[in-house]
Amino acid sequence: MQLTSSSIGRKILMAITGQAMVLFAVVHLLGNSSIFGWLNGGINAYAEHLHSMPLPIIIGFRLALLAIVCVHIWFGIQLTIENRGGRPQQYAVKSTQKATFASENMIWTGSLIALFLIYHLAHFTFQVISPETAALKNLVPLHNEMVPNVLGMVVAGFKNFFVSFIYAGAMVALFLHLSHGIQSFFQTMGWSCDKSQPLLVKFGTLVALGLFLGYVTIPLTIFAGILKG
Amino acid sequence: MSDHKTMTLTLIVWRQKNANDPGKFETYTAKNITEHHSFLEMLDCVNEDLIHAGKDPIVFDHDCREGICGMCSQVINGAPHGGQDRTTVCQLHMRKFKDGDTIYIEPWRARAFPIVRDLIVDRSALDKIIQAGGYTSCHTGGVADGNAILIPKPVADEAMDAAECVGCGACVAGCPNGAAMLFTSAKVSQLAILPQGKGEAATRVKNMTNAMTECGFGNCTNHYECMAACPKGINVKFIARMNREFLKAQFA
């Protein structure tokens, strides 16, 4: 396989790892939406369900995600550096017909998402940003047992304007990144033709918009006081 | 000619003596231009004035001047071939401009296309991609009956759509990454679609895409600027097809 060396091979690696993360983002949003109460016990029950899985599954899943993120970032940076060299001197007049703000700034929206990811993990996974509301330290009763209070931690976090602002800003970057990335996946895998390509662009933007709206609803409703702990 | 209104235009043209010269923009005035002039004829007029004034004329590539050879190669106001849909520079007419317009004229800009002089670039990198596999090497024997290999019309049409590529390099010039994916994909597809080309499809796509990288072209990031720049309307579906051919070739 010329996956890691060739032009198209690395493009395919970017596409597959990117799409895997899109799938993760979809499942993550579905899980998070339990905060709105459709699951008996809300997000605390969902978190407990995830954490009660066998340890090897949890560790394996996290390592796989880490590997996917690393491959995507590594080749993303490598290809961007190569591509910047593809046209060493820019035109005096910039005139783009098809390229979009999103397609031209993948490296920057991607970098913002990566920075956000570090913050997000420190905030809700390792719970070091505001230790006093850390879910692992504040147990609440659920179905006759004591479980971490994820709801309390999330609500306390998003009551803060700056925290909500960071999350909303990161979701704008995610929307831009995916509005180019999703359609790009189909083109790169060769699952596209002249008839489907414009539709795939619309589909990708729609999925990106759906994820954006879904994700920002959580900090927004908490900050507005609609969703309470 | 006296019946026609004439235009006066300001041209800001890239002048560069050779590949090692840093190059710079020079400003010229194009006078007495009618709407019937093609863009290249307008440059001819400017060059006549320059020659009469004892100055170096603007050097540019051109050949057929009827939109089929792919020699003319100018980026006009930031758009390869001037940005008019499916039009080469020679078929771009001055009726698309207004009296008093300022027009920037630059050469194709890409690492793989070194500037030879002014608006002429060396496009032999595209030939190297063709040499890497843009052919079939099966024995043809004696003169074959024209209808010996039956090809359904839609298949022949699809191959023809890819074969429309004239290799002008506008796709590379338009691509922010200086990638030659649209060119290479058109050549790969044109042969992979037809029965005579299928036999070598796997080695062809590997060799041609390798040559693409070796020549210094960038990688594709699906901006689709190439498709907008292409004077022959080559669709990015051929890039998707080449990606498919590449994936298939890994298991061939």
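Each value in this text was obtained by applying a stated rule to the coordinates, not by laboratory testing. Bear in mind that the values here come from a model prediction, so they are computed numbers and not experimental data. Cβ atoms come from the backbone with ideal geometry, glycine included; neighbour counts cover every protein chain shown.
Taking just the alpha carbons, could you work out the radius of gyration and Dmax for region A:166-212, both in angstroms?
Using the Cα atoms of region A:166-212, the pair Rg, Dmax is 11.5, 39 Å.
In what sequence do B:69, B:165 fall when counting other Cβ within 10 Å, fewest first?
Listing B:69, B:165 from fewest to most nearby Cβ atoms yields B:69, B:165.
How many angstrom separate the Cα center of region B:166-186 from the Cα center of region A:143-217?
33 Å
Pull up the cross-link candidates among the lysines for residue B:206, meaning alpha carbon to alpha carbon under 19 Å and not fewer than 8 places away within one chain.
Within the straight-line cut-off, residue B:206 pairs with A:11, B:128, B:187, B:198, B:237, B:248.
Rounding to the nearest 10 and keeping the result within 0 to 90°, find how far the Cα-based axis of helix B:237-249 lies from the longest principal axis of chain B.
Approximately 40 degrees, to the nearest 10.
May I have the pair-distance distribution P(r) for region B:129-224, computed from all Cα-Cα distances with 10 Å bins from 0 and rounded to whole percent?
Spelled out per bin, shortest first, that is 15, 43, 31, 9, 2.
Compute the length gained on full extension between residue A:36 and residue A:117: take 0.36 nm times their separation in residues and subtract their Cα-Cα distance, giving the result in nm to one decimal.
Using 0.36 nm per residue and subtracting the Cα-Cα distance, I get 26.9 nm.
Please work out how much length the chain gains when fully extended from residue B:12 to residue B:48, using 0.36 nm per residue of separation minus the C-alpha to C-alpha distance, in nm with one decimal.
11.3 nm
Taking region B:79-171, which trypsin sites (Lys or Arg not before Pro) meet the DSSP loop condition and have no more than 11 other C-beta atoms within 10 Å?
Counting only loop positions with at most 11 other Cβ atoms within 10 Å, the trypsin sites (Lys or Arg not before Pro) in region B:79-171 are B:98.
I need the P(r) histogram for region B:7-116: all alpha carbon pairs, bin width 5 Å from 0 out to the longest distance, whole percents.
All Cα pairs, binned at 5 Å, distribute as 2, 12, 21, 27, 22, 12, 4, 0 percent.
Taking a cut-off of 21 Å, what percent of all Cα-Cα pairs in region A:1-98 are separated by more than that?
56 percent
At residue B:122 and residue A:137, where each label point lies 7 Å from the Cα along Cα→Cβ, what is the point-to-point distance in nanometres?
6.7 nm
Percent of Cα-Cα pairs per 5 Å bin, from 0 to the last occupied bin, for chain B, please list those.
Answer for chain B: a P(r) of 1, 6, 12, 16, 16, 14, 11, 8, 6, 4, 3, 1, 0, 0 percent.
Against the longest principal axis of chain A, how steep is helix A:106-120, in degrees 0 to 90 to the nearest 10, with axes from Cα atoms?
Tilt of helix A:106-120: around 20 degrees.
Treating cross-link reach as a plain straight distance, find the aspartates and glutamates whose alpha-carbon is under 18 Å from the alpha-carbon of residue A:98, omitting any fewer than eight places away in the same chain.
Partners within reach: A:194, B:85, B:225.
For region A:77-229, build the convex hull from the C-alpha positions and give me its volume per residue in Å³.
Expressed per residue, the convex hull around the Cα atoms of region A:77-229 is 181 Å³.
What are the lysines whose alpha-carbon lies under 30 Å from the alpha-carbon of residue B:55, with same-chain residues fewer than 8 places away excluded?
Leaving aside lysines fewer than 8 places away in the same chain, those within reach of residue B:55 are A:94, B:5, B:17, B:24, B:31, B:96, B:98.
Suppose we look only past 40 Å in the calculated P(r) of the protein assembly as shown. What percent of the Cα-Cα pairs does that tail hold?
The share of Cα pairs beyond 40 Å in the protein assembly as shown comes to 38 percent.
Mind listing which chymotrypsin sites (Phe, Trp or Tyr not before Pro) in region B:145-252 are in a DSSP loop and have 10 or fewer other Cβ atoms within 10 Å?
Loop-located and lightly packed - B:251.
Starting from the Cα of residue B:64, step 7 Å along the direction of its Cβ; do the same at residue A:81; then give the gap between the two resulting points in nm.
Those two pseudo-labels are separated by 4.3 nm.
Can you tell me the convex hull volume per residue for region A:81-153, based on C-alpha atoms, in Å³ to the nearest whole number?
159 Å³
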